[in-house]
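Notes for the one structure printed next.
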Amino acid sequence: SFCFQFIGSIELQIGRKLYFQDIGVSAVDECESPDGAGCSSSDSNEKIPLPRDIIDALMNYDLKLPYSTEFPLPSVIPCLGGCKEAYYCSKSCAEADWRLYHSLLCIGNGSSTSNIEALLKFTEHANETNDIFICAAKAISFTILSYRKLKAAFLEQKEKSDAPNLQKHNLPLLVDAWKPMSMGFKRKWWDCIALPADVDFCDEAEFRTQVKDLALVSLQLLKDAIYDNECAPLFSLEIYGHIIGMFELNNLDLVVASPVEDYFLYINDLPSSQKEEAERITKPFLNALGDDYAISCQGTAFFPLQGCINHSCIPNAKAFKRDEVYMLLIFQITISYIDEDVPYKERQELLADYGFICKCPRCLEEEPQLS
Ligand SMILES: [Zn+2]
Ligand SMILES: [Zn+2]
Ligand SMILES: [Zn+2]
C-alpha cells in the first residue's frame, strides 16, 4: 500500500525535520504516496539550531530520546531498486509502489529505465518549476506499467488458445491501461489553471501560452527518460496537459497528524519530576524545531479511484487512507472534496475550483430558494 505513514522512529522524524530545516527545505515525512506529497513548513518562531553532529546522531539511531519507545513507528524499508530516494513502511508498500509506479521512475541500479540521467533532468526541472509534473510522470508510468502487464497477460492467453482471430491491436490494451486515469480526465492544464492574482487580466493569453510551453519542456524531458513506442499516444502534449489538468482539478488534501507533536505533548504531560528530567534532554530539540514540532504532514494527492468518487457535502467517508479507498470501491460511497463544515455559499465557491455545482441532498436543502 502507499499509505501516508510516519516511519522509522521519533528520533529519525525529529532528525529529518531538523536536517531539512538546516538545509532550508521542507521535509517529506511520510511513506511515499502514489502521487506525491509534500509537507508544509513555516518559519515563524525563532529556532535555536542544534549542531549538525547531533542531528546526524538522531538520524543514525545513535541518540535515543526519553520515552520515544512509547511511540513505535514501522521500520524503514528502502526502495527495491536501490535509489535511496523512496522509503516505505513495509515490504508490501515497497513492492506495490514498485509494481504500479516506481520501477519506471526509479533512479537506482534496479530501475527499468535505461536513461537515468534524463530522469534526473526531468525531476530537476519539475522541482524548479512545478512538482505537479512529477505527479503526471507517475500517472504515465502507472499507465505504461499496467499496459505492459495487460500485454503480457494477453500474449500468454493467445499462446494458450492459439486462435488466429485473437489478433488484437496494442491500442485497446493501452486504452484499458488508461482507464483509471480517464475517469479523472477533465481539461487541459493551461486552459483550466486559475490566473494568479499577480497576473494582469489582459496578459491572460500570454500566461496560458507560457504554461503550455512549460509543459512542453517537461514532456520532452520525460520522453527522453521513459518513452515507450507502444505507448506513444501517452506522450502527446494534449494528453500531458490533460493529465496535469486532472491533478489540478482532482487533488484532495491529505493531513496526517505528526507523531512528533504527540511525543512532545506526552513529555509535557508527564508528572513533574519525570517531566523535568526528560525535558533536560528534549528541550533543546523542541527549541530547535520551533513551531515546526507540531506541523502535521500536509500534502495533496491524487488517487485515480478517489478522483471518480462523487462529492457530497454529507460525506460518509473521509479520503484519508488506502483502507478507506477500498471501502469506497465496494460501497460506492461519497467523500467531501472540501471542508464540509462551511455554509452553503462558501461550499459552492470552493467546489467551483473542481468545476461543478453540488446538488447533494444537503445542498438541495440549503440552497437559497427562489420565490
Ligand atoms: Zn506504507
Ligand atoms: Zn527507487
Ligand atoms: Zn453539497
Everything considered on the Cα gyration tensor (a ≥ b ≥ c; rounded for a/c under 1.5, else prolate if a/b is larger than b/c, else oblate), the range 193-291 must be described as prolate
Determine, for each peptide in 151-159, 77-85, the mean count of other beta carbons within 10 angstrom over its residues, then list the peptides with the highest first. 77-85, 151-159
In square angstrom, rounded to the nearest 10, how much accessible surface does PHE285 have for a 1.4 Å probe? 10 Å²
In whole Hz, what ³J(HN,Hα) sequence does the range 50-64 give by Karplus (6.51, -1.76, 1.60; θ = phi - 60°), x for Gly and Pro? 10, x, 4, 5, 6, 4, 4, 4, 4, 6, 8, 6, 7, 10, 10
Which peptide among 218-225, 273-280 comes first, and what is the full order, when sorted by highest mean count of other Cβ atoms within 10 Å? 218-225, 273-280
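How far, in nm, would the chain grow between TYR344 and GLN210 when pulled straight, counting 0.36 nm per residue and subtracting the alpha carbon separation?
44.7 nm
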With every protein chain left in place, what is the accessible area per residue of the range 10-252 in square angstrom, probe 1.4 Å? 52 Å²
Equivalent ellipsoid, the range 10-252 (semi-axes from 5 times Cα gyration tensor eigenvalues, Å): 37, 27, 15
About its Cα centre, what dipole magnitude does the range 10-252 give when the only charges are +1 on Lys and Arg Cβ and -1 on Asp and Glu Cβ, stated in debye to the nearest 20? 1060 debye
What lysines could a cross-link reach from LYS160, if we take a straight Cα to Cα line under 23 Å and drop same-chain neighbours fewer than 8 places away? LYS149, LYS151, LYS168
With respect to the cross-link table entries LYS138/LYS223; LYS17/LYS47; LYS17/LYS91; LYS188/LYS359, which display a Cα-Cα separation exceeding 20 Å? LYS17/LYS91; LYS188/LYS359
Once amide H atoms are placed 1.01 Å from N in the peptide plane, what residues at a sequence separation of 5 or more from ARG187, or on another chain, have their amide H within under 5 Å of its amide H? MET246
What order, most packed first, do the peptides 12-20, 54-62 have when packing is the mean number of other Cβ atoms within 10 Å of each residue? 12-20, 54-62
Top positive-direction residue, dipole computed over the range 10-252 with Cβ charges, set THR123, LEU63, MET246: MET246
Which percent of the accessible heavy-atom area of the range 10-252 goes to carbon and sulfur, probe 1.4 angstrom? 53 percent
Quick one: net charge around LEU80, please, counting Lys, Arg +1 and Asp, Glu -1 for every other residue with C-beta under 11 Å from its C-beta. 0
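If I stretch the segment between ASN60 and LYS160 completely, what's the gain in nm (0.36 nm per residue apart, minus their alpha carbon distance), one decimal? It would help to have the intermediate numbers written out before the result.
Details: separation 100, 0.36 × 100 = 36.00 nm, distance 5.29 nm.
Full extension from ASN60 to LYS160 adds 30.7 nm.
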Taking R0 as 51 Å, what FRET efficiency do you get between ASP22 and ASP176 from their Cβ-Cβ distance, rounded to the nearest 0.05? 0.60
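The values are calculated or read from the model by the stated rules, or taken from the named source; none is laboratory data. Source: prediction; values computed, not measured. Every residue, glycine as well, gets a Cβ built from its backbone with ideal geometry; the counts of neighbours run over all protein chains shown. In case anyone asks, the SASA skips ligands and DNA or RNA and just uses the protein heavy atoms, side chains included. Shrake-Rupley method; radii C 1.70, N 1.55, O 1.52, S 1.80 Å.
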